Amino acid sequence: MPKAKAHPAQIGFDFEMPHPASAPAALAGLERQICAEVGVILNSDSRPRELIAAEVSVLLGEEVSRAMLDAYSSPAREGHKVPMSRFLALVAVTQRYDRLDLLLRPIGAAVLVGEEIHTARLGHIDREIAKLKEEQARLKSRAPLIRGGK
């Protein structure tokens, strides 16, 4: 499967470590932020909203209409909270993982997409190798030759 191209408005990955929210009301207003992100996602996609709604519907196996997407993106319609399943489906359909990343950072998480996980694994392997090299150096200084080997 060919690699998907980044959305032209995609925000680059931020390598700053996210810190989980812990202060009182640190996540207050999160529903409004989610609505705002739905608006950003919809407004940055050149496809008709009916098409986006249809793709979200297919992905979820349930009906999601353009009117629903419009309601989710309106901060004035406080009664229309975005179900997580629909927000995630919208992110997947539009490939705006950067907008999901912005919402996850306040809880101490970040988003890696697809094969980006290999980059994280490489970093983990590098740390494991460094740890083993440190152990090797400690052992070298006190390890005798086995049975007087030459």
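The values are calculated or read from the model by the stated rules, or taken from the named source; none is laboratory data. As the structure is a computational prediction, the values presented were derived from the model and not from experiment. Using ideal geometry, Cβ is built from the backbone for each residue, glycine included, and neighbour counts are taken over all protein chains shown.
Worth pointing out:
- Only a single item in (1) in contact with a strand residue (DSSP E or B) (Cβ under 8 Å, 6 or more places away or on another chain); (2) farther than 25 Å from Gly123 by Cβ is not met by Leu30, and it is number (1).
- Evaluating Cys35 against the criteria (1) surrounded by fewer than 17 Cβ atoms within 10 Å (Cβ to Cβ); (2) among the hydrophobic types (A, V, I, L, M, F, W, C); (3) in a helix (DSSP H, G or I) leaves one unmet condition, (1).
This table checks each residue for (1) in contact with a Lys or Arg (Cβ under 8 Å, 6 or more places away or on another chain); (2) at pLDDT 95 or above.
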| position | (1), (2) |
| --- | --- |
| Leu60 | yes, yes |
| His80 | no, no |
| Arg96 | no, yes |
| Leu100 | no, yes |
| Ile107 | no, no |
| Ile117 | no, no |
| Lys133 | no, yes |
| Leu145 | no, no |
| Gly148 | no, no |
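- At least 2 residues being more than 22 Å from the chain's Cα centre (by Cα) and farther than 30 Å from Pro20 by Cβ is the threshold, and among the helices (runs of 4 or more DSSP H) wholly inside the range 49-148 those reaching it are 49-60, 66-72, 116-140.
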